[in-house]
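Values in this text are rule-based calculations from the coordinates and carry no lab data. Quick caveat, the model's predicted, so the values are computed rather than measured. Heads up, the Cβs are rebuilt from the backbone with ideal geometry, glycines too, and the neighbour counts pull from every protein chain shown.
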Amino acid sequence: MIIKRLQQYWAISVFTMFFLPLTIGLGFWQLDRADQKQQLQASLNALEEPVIIQQGQGLSKHKDYQRVILNGTFIKPFIWFKDNQIVKGKVGYDAIGLISLESTLGPQLLLINRGWLPSHGQRNPLPSVQWVNGEIYFEGRLVPIKPNPYQLRSDVYNDQYPQLIQALDLPQLTNQLGARLSGKFLPWVLILDAPGAATMVPHWKASIMTAEKHLGYAWQWFGLALTLSMLYIYRVFFSPSDIKKAHQ
C-alpha cells in the first residue's frame, strides 16, 4: 500500500526529497552563522579597551579587531578611495591613507581608513581630500584585510593619487610600493572610530547582520521544513479525496 502510494505520488516525493534536506541544511547553516557572529561580538567586546602603542613598539603581536591608540604621520601622496561605500543612503568612498611605524623588527606600513566622504557623483576627477600634516593622533580598530568576494575583477594599481579601488589588496600594494617604501605591510587596516584630525565619517560595522537575525532565519528554514513534511505526509497518506476513492 505504502509503495503503491509513493509510486502514485513520485513527483511530489522527488520534490520533497530534494527540498527537505536543503531547508534543514540552510537552517543549520544559519545557526552556525549566528554562532560565528556571537563569537565575533564576544571578541570585539574583549578587545574594546584600546591599547596605547608607544613609539618604536610596533604592532606585530596584536590581535585582530584590537582597538589601539597611536601617533603617526601620513606618507604622501598615497591615498586610496574605496568605492561603493553607502552611508545613510548616500554613495561615497572610504578614504584610506598610509603611515609608517618603527618597531624592533624594522619599519612597518599600516593602512589607515579615515572614514567616509560623499562622492556627489564625482568619479573623474575624484574628489579631493585635505591632507593632515605632521604627527597625528589615531584611535581605531585593527581590522584584518580580506578579499572582496563580490569583486568581479582585480584592481589595477598605478602611481596616480588619489586612486579608486574596489578592495584593498596587500600583494598588489606590496608589488606596487615595495621598491619605493621601506617596510612591510601589516595585515590590518586601522579603521578610525574616534574623533580626531584625520577622522572623517566613521561607519564600519563588524557585520551587517546580527546573530539574532541569523537565528530568526534559521527558525524560518526549520519551520519551512516542518511545513513541507506535514504537507507531504498529509497529501500522500491522508488525503481525504484519495482515501474516498480507494474505498469506492
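Side notes on the structure shown:
- For the stretch 46-192, the square roots a ≥ b ≥ c of the C-alpha gyration tensor eigenvalues yield an a/c of 1.5 or more together with a/b exceeding b/c, which makes the shape prolate.
- Counted charge near Leu105, where neighbours are those whose Cβ lies closer than 12 Å (Asp, Glu -1; Lys, Arg +1): +1
- Each DSSP beta bridge with both residues in the chain is either parallel or antiparallel, and the antiparallel ones are about 75%.
- Centre-to-centre separation between the Cα atoms of the stretch 165-226 and those of the stretch 25-94: 6 Å.
- Sum of -39500 (n - 2.57) over DSSP H runs of 4+, divided by residues of the chain (222 nm, nearest 500): -12000 deg cm²/dmol
- Built amide H within the under 5 Å cut-off of Val51, gap 5+: Arg67, Val68, Ile69
- Cβ crowding within 10 Å, taken as a proxy for footprinting-reagent exposure, orders Trp29, Trp80 from fewest neighbours to most as Trp29, Trp80.
- Cα gyration tensor, the stretch 43-101 - rounded (a/c under 1.5), prolate or oblate: oblate
- The overall shape of the stretch 107-179 is rounded: from the C-alpha gyration tensor, with semi-axes ordered a ≥ b ≥ c, the ratio a/c is less than 1.5.
- Burial ranking of peptide ranges 146-158, 61-73 (average Cβ count within 10 Å, highest at the top): 61-73, 146-158
- In a reduced charge model with +1 at each Lys and Arg Cβ and -1 at each Asp and Glu Cβ, the chain shows a dipole moment near 1000 debye about its Cα centre.
- Relative contact order (%) - the chain, alpha-carbon pairs under 8 angstrom, separation at least six: 26
- Between 0 and 90°, nearest 10: helix 211-237 axis offset from the chain longest Cα axis: 20
- In the stretch 46-192, the DSSP beta bridges split such that about 75 percent are antiparallel, to the nearest 5.
- Across Ile112, Ile96, Ile136, mean-square fluctuation computed from a Gaussian network of the chain (C-alpha pairs under 10 Å connected) peaks at Ile136.
- Among Glu48, Glu212, Glu139: highest mean-square fluctuation, GNM of the chain, C-alpha pairs under 10 Å: Glu212
- Approximate spin-label separation Ile52-Leu231, in nm, with each point projected 7 Å along Cα-to-Cβ: 6.3
- Amide proton proximity set for Leu101, modelled H, under 5 Å, gap of 5+: Gln108, Leu109, Leu110
- 3J(HN,Hα) couplings calculated from phi for the stretch 79-87 with the Karplus curve 6.51 cos²θ - 1.76 cosθ + 1.60 (θ = phi - 60°) are, in sequence order, 8, 10, 10, 7, 6, 6, 9, 10, 10 Hz; Gly and Pro show x.
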